[in-house]
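Novice: Just dropping this structure here.
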Amino acid sequence: MTRVPPVLKYLEQIIEGVSDTYGSNFFNAITLQLNKVLEADYTFIARLDAETYTTLALVCKGELAENFVY
């Protein structure tokens, strides 16, 4: 029996978690999945402009949080 590397299991979990989402819900879903897989306290996806960063999705301790600009 072939052993599946852990990274492939993580990718499979992420893909399953976002496969039926679109638009802003996609960013929320993928950030939640990344947070879960990475077991991180904070995870975010941000848009980088010339002088600012705007979060598109933010997860704090397993829960979606309000986006912000910095």
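The values are calculated or read from the model by the stated rules, or taken from the named source; none is laboratory data. Keep in mind the model is a prediction, meaning the values are calculated, not measured. Please note: Cβ atoms are built from the backbone with ideal geometry, for glycine as well, and neighbour counts cover all protein chains shown. Just so you know, the surface numbers come from the protein's heavy atoms only, side chains and all, with ligands and any DNA or RNA stripped out. Shrake-Rupley method; radii C 1.70, N 1.55, O 1.52, S 1.80 Å.
Novice: Tell me, what HN-Hα J-couplings in whole Hz come from the Karplus equation 6.51 cos²θ - 1.76 cosθ + 1.60 at θ = phi - 60° for each residue of the stretch 56-69, using x for Gly and Pro?
Specialist: Along the stretch 56-69, the couplings run 9, 7, 9, 10, 10, 6, x, 10, 4, 10, 5, 5, 8, 10 Hz.
Novice: Right, another one. For Rg and Dmax of the Cα atoms in Å, several values are listed as [x] 13.8, 52; [y] 11.9, 39; [z] 12.1, 44; flag the one computed from this structure.
Specialist: Structure-derived value, by its label: [x].
Novice: On a 0 to 90 degree scale, rounded to 10, what angle separates helix 6-18 from the longest Cα axis of the chain?
Specialist: Taking the Cα atoms of the chain, the angle to 6-18 is about 60 degrees.
Novice: A further question on this structure: Which order, highest average first, do 46-57, 18-29 follow once you tally other Cβ atoms within 10 Å for each residue and take the mean per peptide?
Specialist: Result, highest mean Cβ count within 10 Å first: 18-29, 46-57.
Novice: What angle do you read, to the nearest 10 degrees and between 0 and 90, between the alpha-carbon axis of helix 23-38 and the longest principal axis of the chain?
Specialist: The helix 23-38 is inclined about 60 degrees to the chain.
Novice: Heavy atoms only, probe 1.4 Å: what % of the accessible area of the stretch 11-53 goes to carbon and sulfur, would you let me know?
Specialist: C and S fraction of accessible area: 53 percent.
Novice: Suppose the chain between Leu56 and Lys9 were pulled fully straight at 0.36 nm per residue; how much longer would it get relative to their current alpha carbon spacing?
Specialist: Once the chain is fully extended between Leu56 and Lys9, it gains 14.4 nm.
Novice: Moving on. For the chain, what is the accessible area per residue in Å² when the probe is 1.4 Å?
Specialist: 78 Å²
Novice: Counting only the heavy atoms of the protein chains, how much of Val69 is accessible to a 1.4 Å probe, in Å² to the nearest 10?
Specialist: 100 Å²
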